[in-house]
């Protein structure tokens, strides 16, 4: 490796460490930090963010990058070094547009805002959160104006999470999906009472914790390089490929949330644990985009976790953990109950059919908030009206409405659509994997998840973030992203479940 | 406040944040980090240490400090600003002597060394730890040679933890204590079988956790600004005065370790939680030295926690938590059992009489290691021989011998003596507090710890680290540090307990 590429890698490794350090501060904030720690924590996170930004955007980085580019020009364009330099150029050009003071202020503000949101949500008090959200949006608008855009200010945000994706493309996808989803939801509603009622009972949290730990381990999650904790909002975070952590949350009177949140976060974690060791501490490490990440979590949560085959594997484990609730439950009963389709208030607990309508609602509202067409004060009313329009239900309070998600408090605007992109890609990957792996369903029934994990390792994880999301999709599935796999999957699965024509 | 003092304070606040960030990384490493995280964590800690050191020793800090000194010259020498500048000058002059590369290497090496030590201890395999310890000592010697010293290389290390304390003073204290402690230990051994046997039983960890949380809260530990977790080595760490955490460890078949480790760490935590809010993020915040810190932990653990009055408070709580083991136990029986004096292998579980002999042994050995008179390879044998000489017992393995403490793996050489200084000061503070607080013992019997905590807040905590340790001792007790209070306390208490002349 050339001297200038080596020097650039060294500098980037340090900048990477700073990012991971901020991650540890964030993980602690979400899991164990006592309330008193919030003020100092926001200063600590702001400082690390500022230092990271300063170090990345420093002239020295630019010089190293320019030298490395000159050398990489003679390399194969698809070599690790050439791609690394290309990826860095893109992030560097983007980062230098943001003043360091704004990056630090954004980090400090959104850390505090998450605390304010958590309290406001607990008390279902939107007014307590509104000023903080207003300020977050102001800063997001400043970031957008620094980044610039061609057609739509939202493009500048979306691109942070899904490199190369345009707002117009997302809109087009939703235009295609929306009528399908609304029609399917309505058709299923007419078939209500199809034996899909939730399996109820008492599910002690310690037992859920033990069960979900085992489920994650069975999928292939390596606990010597990870751990599971409880947090108000399930998430996955990593501080190296060998320290990839997930969080989940449990309710005593409900078992599905804990199990499916665990499968979801395990999907993210498997992707990060599968990042190539040789990419560690470089711009090639880790998942490539939020959408591709979400394809991994949704694939394990839904395509695997809500399949009949998985129910065959899962049922005896549920019966062992919660004998009272699950004795006498059949595979068919379990399969129907985990695939119950009903309009509901909470996105993360929504079924596969209605889920993307929750995303559409957020995609629309955040574009309207960003442009100023929608005022923060009017947000709860508009949220509720839109819920009525798309799902036919009105949240009884803001806790189950506009306050349910952490994203806007964390300054994440432009992130939500990647959930839907992930759902589409999960179905597309699933179709490809089914063709590639003989007897995939039989493996799953027997709790053998290694064939699928190995396929994903080879066809998605192994690329780290070396290629563009679009390239990864094409390499893995042989085609560009399409919503057809997903809509066909929904039609087939739920058509059969609910006896639709 | 003048402009240059304000600018200095701002810079020091950032440097302080970096220190706290390193603390979060350390806390996580000790409590929750999966094994795979170790390698990246050592890089992260090394990076933060390097940045902290670079930022503190930068020319810019020196310039700000010089300007602030010029302005502080006109202030009252005991004003907060004057003291802050004076304290910073001292740490700055010290820090600039250490090359940044050495500071970072020391941080990286000792982080990895702690992992190696933990595995070696678990397997009682000193040979597995020896090369790492050797390297730690090499780096410590380099640090000493950069820092310089007048009489004894150990002075340079001791001064890091106990500002102004000299090795010769510590030696003199041990010369006085040693015969007392050895005689007292022997005299008590002759009275063995005095009804001081441990109270045995089965003590589920969840119940110990609940009990000790309550005990800490009763002492005044504020859980909105702290939390208790489990770790292999109990410690207290803080990320602000409003986020002060303790860890403890439990054994299922033993209740004393968990309870007394909690009281000990709570003592440290109360000191940090009591640091004046207006000193936050300045060189005046937090405990002044390891010795004064240890006086707080030992005062709560021993002078309070092992008093007859505390046993009156504690017994019903133990009976509630562990009815089987404690039914029929009297206050006298409890009091005798928590004050059982017997030579034992593990320092942190040692009684008040033998404890300082454990420290003396470490003080001697680390001076010999530092000078090279003692080779690492010979350490286990010399440790065991010295245990036999001072305590009349020989550790059956290195886990219960030379591998028991984390300190040397963490690069902490020169720290151990501060435990004994803390014991002496605890007794001296206790004598003073008893004169100052009417009915102190009656308060403790009733679980009213506020009078003592308030006295400590006013007479120790309120000073933060503004004054020198010696000044704090004099302000709080009206006299310099003396070992008389401690030896008299031991003679009186254990003379009565064991019926000595």
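Residue A:109 - would you say it is in contact with a helix residue (DSSP H, G or I) (Cβ under 7 Å, 6 or more places away or on another chain), under 30 Å from residue B:34 (Cβ atoms), part of a helix (DSSP H, G or I) and more than 14 Å from chain B (Cβ to nearest Cβ)? So residue A:109 does not fit the description; no. Considering A:139, A:133, the condition of being closer than 19 Å to residue A:96 by Cβ, touching a residue at least 60 places away in the same chain (Cβ under 8 Å), in contact with a helix residue (DSSP H, G or I) (Cβ under 6 Å, 6 or more places away or on another chain) and not assigned by TED's automatic domain parsing to the domain that holds residue A:362 is satisfied by A:139 alone.
Applying the selection to segment A:119-133, what residues are under 24 Å from the mean Cα position of the chain (by Cα) and either surrounded by fewer than 20 Cβ atoms within 10 Å (Cβ to Cβ) or on the phi > 0 side of the Ramachandran plot (or both)?
Hits for segment A:119-133 are A:119, A:122.
Among the residues making up segment A:294-315, a single one is part of a helix (DSSP H, G or I), free of Cβ contacts under 8 Å to residues at least 60 places away in the same chain and either outside the structural domain of residue A:196 (by TED's automatic domain parsing) or closer than 17 Å to residue A:216 by Cβ (or both): A:301. Within segment B:232-246, being crowded, with 17+ Cβ neighbours inside 10 Å and more than 13 Å from the chain's Cα centre (by Cα) holds for B:238, B:239, B:240, B:241, B:242, B:243, B:244, B:245. Just one of the numbered conditions (1) outside any loop (DSSP other than H, G, I, E, B); (2) under 17 Å from residue A:27 (Cβ atoms) is not true of residue A:286: (1). Quick check on my filter: what residues within segment A:16-25 are more than 9 Å from every other protein chain (Cβ to nearest Cβ) and touching a strand residue (DSSP E or B) at 6+ places or on another chain (Cβ under 7 Å)? Within segment A:16-25, just A:23 meets the criteria.
Going through (1) part of a helix (DSSP H, G or I); (2) closer than 30 Å to residue A:463 by Cβ; (3) within 14 Å of chain B (Cβ to nearest Cβ) one by one, residue A:259 falls short only on (3). What do you reckon, is residue B:226 within 14 Å of chain A (Cβ to nearest Cβ) and buried (at least 22 other Cβ atoms within 10 Å of the Cβ)? Yes, satisfied.
Would segment A:189-209 turn up any residue that is surrounded by fewer than 17 Cβ atoms within 10 Å (Cβ to Cβ), free of Cβ contacts under 8 Å to residues at least 40 places away in the same chain and not in a loop (DSSP other than H, G, I, E, B)? Scanning segment A:189-209 turns up at least one residue that is surrounded by fewer than 17 Cβ atoms within 10 Å (Cβ to Cβ), free of Cβ contacts under 8 Å to residues at least 40 places away in the same chain and not in a loop (DSSP other than H, G, I, E, B). Taking every residue in segment B:52-70 that is in the same structural domain as residue B:14 (by TED's automatic domain parsing) and pairing it with any residue that is outside any helix (DSSP H, G or I), at least 6 positions away or on another chain, the pairs with Cβ-Cβ distances below 6 Å are B:57/B:96. Considering every residue within segment A:252-266, establish whether at least one is without any contact (Cβ under 8 Å) to a residue 24 or more places away in the chain, closer than 27 Å to residue A:318 by Cα and surrounded by fewer than 24 Cβ atoms within 10 Å (Cβ to Cβ). Checked segment A:252-266: no residue is without any contact (Cβ under 8 Å) to a residue 24 or more places away in the chain, closer than 27 Å to residue A:318 by Cα and surrounded by fewer than 24 Cβ atoms within 10 Å (Cβ to Cβ). Within the option set B:38, B:13, B:82, B:66, being surrounded by fewer than 22 Cβ atoms within 10 Å (Cβ to Cβ), at pLDDT 95 or above, part of a helix (DSSP H, G or I) and within 10 Å of chain A (Cβ to nearest Cβ) holds for one residue only, B:13. Looking at B:386, B:367, just one residue is closer than 27 Å to residue B:111 by Cβ and in the same structural domain as residue B:306 (by TED's automatic domain parsing), and that residue is B:367.
Please note which helices (runs of 4 or more DSSP H) are completely contained in segment A:434-501 and include at least 3 residues that are out of contact with any helix residue (DSSP H, G or I) (no Cβ under 6 Å at 6 or more places or on another chain).
Numbers: elements: A:440-445, A:450-459, A:469-477, A:484-498.
Because the criterion is at least 3 residues that are out of contact with any helix residue (DSSP H, G or I) (no Cβ under 6 Å at 6 or more places or on another chain), the helices (runs of 4 or more DSSP H) in segment A:434-501 that meet it are A:450-459, A:469-477, A:484-498.
Could you tell me whether residue A:52 is modelled with pLDDT of 95 or more and more than 9 Å from chain B (Cβ to nearest Cβ)? Yes.
The values are calculated or read from the model by the stated rules, or taken from the named source; none is laboratory data. Because the structure is a prediction, the values reported are computed rather than measured. So basically every Cβ, Gly included, is an ideal-geometry build from the backbone, and we count neighbours across all protein chains shown.
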